[in-house]
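Visitor: Handing you a structure now.
What follows is calculated from the coordinates using simple rules that are stated; it is not laboratory data. Note that the coordinates shown come from a computational prediction; the quantities given were computed from them, not determined experimentally. Here the Cβ is made from the backbone with ideal geometry for all residues, glycine too, and neighbour counts use every protein chain on show.
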Amino acid sequence: MSTMNTVGRPTTPNRVESKPATLTGGRGLLQNAALIFEGEGWGKTGVDLPEPQGDASDLGDLVRRDPIGLPGLSEPEAMRHYVRLSQKNHAIDLAIYPLGSCTMKHNPRLNEKMARLPGFSDIHPLQPQSTVQGALELMDSLSHWLTTLTGMPAVALSPKAGAHGELCGLMAIRAAHRAAGHGLRSDKPRNKVLVPTSAHGTNPATAAFVGYTVVEIAQTNDGRVDLADLEAKLGDDVAAIMVTNPNTCGLFERDILEISRLTHEAGAYFYCDGANFNAIVGRVRPGDLGVDAMHINLHKTFSTPHGGGGPGAGPVVLSEALAPFAPTPWVVGGKDGFKLVEFAEDEAEQAFGRLCAFQGQMGMYVRALSYMMSHGSDGLRQVAEDAVLNANYIKARLEDLMSPAFPEGPCMHEALFDDEWLKGTDITTLDFAKAMIDEGFHPMTMYFPLVVHGAMLIEPTETESKAELDRFIHAMRALAEAAKAGDVDRFKGAPFHAPMKRLDETRAARQPVLRWTAPDGSNRAA
Ligand SMILES: *Cc1c(COP(=O)(O)O)cnc(C)c1O
């Protein structure tokens, strides 16, 4: 029997369902519950509100007369609905989340406790500054940790994600060039940004968004920036280079000092994508490498939840040359306490503006500082060491069966394989990843970086124990052996055991169905 997925595409017949299917669609204590709109909760209410008195509304004829069209649920029904949904998903609190580039690490509960302290969670960004001195001090301390760890003189805290940090860095670079007479509309514009082929998609997207022409830098066979190609492309029309280090192949850019020297000689700025800072934190200071601007994903390196779990934060550290252009606001401390510099005047005269309405993601600042202070400087160094050790353990235990994309030498914090080892099996990277779900493991990042064919990028992070890594490795080896032995069915129809089968993810992204439609075609919820 073929089933339909959420976007209406028939999926492959399910081997498990052709075995004794359950009578209800439930499975192993998980009920196959209907959508919240398909239940019987109409006309019911979970709370007891007083009848509204009179018709005191100012809305006149615009007052709604029809029912609002939302299902009504009692408290236990509402709880069950959301807990059931959560059970259909993966969570870092269930098992390893080996997504490369995403750095899905455990989020210590201490961070959560700190973020919920009323002095941080119940304040308003427009409160008088005299009443939020503690919060401003926390931002000042976080700035201190970030500038110390990176060896950079200034930081803009407010960007709300890595990509937003890239925007911040490139806007500071654009402002600096403009101040020097090389703005995009000047006679001698610096209008190009150089980006390696392996870069995260946000890098070229940001450069284009800021108005730059993106020029690709080639990669060497060992997965690093091609210096000769970089040198050939650098010139007086280049505003900046954007290089990730360690890069998205999980490798340290050995020529980083030469890269920054060449860039500065050409009068360009060095933007470093710092999403992989967790591999070098406490061991290498980007300021010593000649970096001019670098975002730090607090939600990766410093453990705060992300993805479906919460908002991110992408503070940007800046060199002496770019610091004057940093966006407002920032915190300064003096004998009268802490205050926010909010406007582009006085010492902030050259600030390029602001990136968001208020101060940024306060809850993420608290979590990140809590993580830093609980580890201490020695603990943060160990974070980098353990993250790299764990990735190399995985690489070493899988490289006899799977093909590492860059077999030479150790990797940094993520192990990258290509699909060479699947050649002739009729199994793709996607098939392999779906079969991992059946074995209880969330797949690694697939098909990224784009420069590696059928890429499988595994990032264990420092928070996984050897026992969990061994379980993961055991499953990966068992699957790899099954693939090589020709057990194609196990892969082609996978996942057999997940509540959802293979979704048409491209169509879901391009034509999202965001509204439930009743079987009679009506939209009950308005
Ligand atoms: C995650 C990531 C980004 C983007 O960061 P967001 O916080 O998701 O916007 C940029 N570059 C690299 C290498 C990344 O891994």
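Visitor: Starting from a Cα-only point model with no solvent, please compute log10 I(q)/I(0) by Debye for the chain at q = 0.09 1/Å.
Guide: One equal scatterer on each Cα of the chain leads to -0.79.
Visitor: So what's the gap between the Cα centers of the range 427-457 and the range 322-364, to the nearest angstrom?
Guide: Rounded to whole Å, the Cα centres lie 43 Å apart.
Visitor: How many nm separate the modelled label positions at D504 and A518, each set 7 Å beyond the Cα in the direction of the Cβ?
Guide: It works out to 2.7 nm between the two label points.
Visitor: A follow-up question, please. What ranking do I36, I458 get, fewest neighbouring Cβ atoms within 10 angstrom at the top?
Guide: I36, I458
Visitor: What do you get for GluC sites (Glu not before Pro) in the range 356-408 restricted to DSSP loop and a cutoff of at most 15 other Cβ within 10 Å of the site's Cβ?
Guide: Numbers: sites: E385, E399, E408; in loops: E399, E408.
Answer in residue order: E399, E408.
Visitor: So which trypsin sites (Lys or Arg not before Pro) in the range 68-160 end up in coil per DSSP with only 13 or fewer other C-beta atoms within 10 Å?
Guide: Within the range 68-160, the qualifying trypsin sites (Lys or Arg not before Pro) (loop, at most 13 other Cβ atoms within 10 Å) are K88, R116.
Visitor: How do 214-222, 134-142, 289-297 rank on mean C-beta neighbours within 10 Å, highest first?
Guide: Result, highest mean first: 289-297, 134-142, 214-222.
Visitor: Could you pull the Rg and Dmax for the range 227-292, using just the Cα atoms, both in Å?
Guide: That works out to 11.7, 35 Å for Rg and Dmax.
Visitor: Continuing with the same structure: Apply the Karplus curve 6.51 cos²θ - 1.76 cosθ + 1.60, θ = phi - 60°, to the phi angles in the range 398-406 and return the couplings in whole Hz, x for Gly and Pro.
Guide: Those phi angles translate into 10, 6, 6, 9, 10, 9, x, 5, 10 Hz.
Visitor: When only C-alpha pairs under 8 Å and at least 6 residues apart count, what is the relative contact order of the range 300-436, in percent?
Guide: 17
Visitor: If you place +1 on the Cβ of every Lys and Arg and -1 on the Cβ of every Asp and Glu, how big does the dipole about the Cα centre of the range 362-469 come out, in debye to the nearest 20?
Guide: I would put it at about 340 debye.
Visitor: Quick check: residue separation of Y447 and D58 times 0.36 nm, minus the Cα distance between them. What number comes out in nm?
Guide: On the way: separation 389, 0.36 × 389 = 140.04 nm, distance 5.56 nm.
This chain segment gains 134.5 nm when fully extended.
Visitor: Residue by residue through the range 474-486, which ³J(HN,Hα) values in whole Hz follow from phi under the Karplus form 6.51 cos²θ - 1.76 cosθ + 1.60 (θ = phi - 60°), with glycine and proline marked x?
Guide: Result, ordered by residue: 4, 5, 5, 5, 4, 5, 4, 5, 4, 5, 5, 7, x Hz.
Visitor: Relative contact order of the range 18-73: what whole-number percent is it, with Cα pairs under 8 angstrom and at least 6 residues apart?
Guide: Values: 25 pairs, mean separation 25.1, N = 56.
Normalised by residue count, the contact order of the range 18-73 is 45 percent.
Visitor: Got a sec? Charge dipole of the chain, +1 on Cβ for Lys and Arg, -1 for Asp and Glu; which of A293, V316, H453 is way out at the positive end?
Guide: H453
Visitor: Are any of the pairs K88/K501; K88/K434; K88/K113; K160/K339; K105/K501; K88/K160 more than 18 Å apart by Cα-Cα distance, and if so, which?
Guide: Those over the limit are K88/K113; K160/K339; K105/K501; K88/K160.
Visitor: How large is the convex hull of the C-alpha atoms of the range 78-195 per residue, in Å³?
Guide: Enclosed volume per residue, from the Cα hull, is 237 Å³.
Visitor: What do you get for Rg/Rh over the range 402-526 if you use C-alpha atoms and the Kirkwood form of Rh?
Guide: Answer for the range 402-526: 1.08.
Visitor: Hey, another quick one. May I ask you to work out the translational diffusion coefficient for the range 303-414 at 25 °C, viscosity 0.890 mPa s, via Stokes-Einstein with Rh from the Kirkwood sum over Cα pairs, reported in whole µm²/s?
Guide: In µm²/s, the coefficient rounds to 136.
Visitor: Along the positive direction of the dipole of the chain (beta-carbon charges: Lys, Arg +1; Asp, Glu -1; about the Cα centre), which of S158, P118, S370 reaches farthest?
Guide: P118
Visitor: Now for a separate question. Arranged from highest to lowest average of other beta-carbon atoms within 10 Å per residue, in what order do the peptides 194-203, 442-451 appear?
Guide: Result, highest mean first: 194-203, 442-451.
Visitor: Just want the answer: with Cβ charges of +1 for Lys and Arg and -1 for Asp and Glu, which residue in L62, A518, V47 is farthest toward the dipole's positive end in the chain?
Guide: A518
Visitor: Let me ask something else about it. Quick one: putting +1 on the C-beta of Lys and Arg, -1 on the C-beta of Asp and Glu, what dipole do you get for the chain around its Cα centre, in Debye to the nearest 20? Before the final figure, lay out the partial values.
Guide: Working: 49 positive and 64 negative charges, 210 e Å.
Dipole of the chain, to the nearest 20 debye: 1020 debye.
Visitor: Determine the calculated [θ] at 222 nm for the chain from helices alone, applying -39500 (n - 2.57) to every DSSP H run no shorter than 4 residues and normalising by the residue count; nearest 500 deg cm²/dmol.
Guide: -10000 deg cm²/dmol
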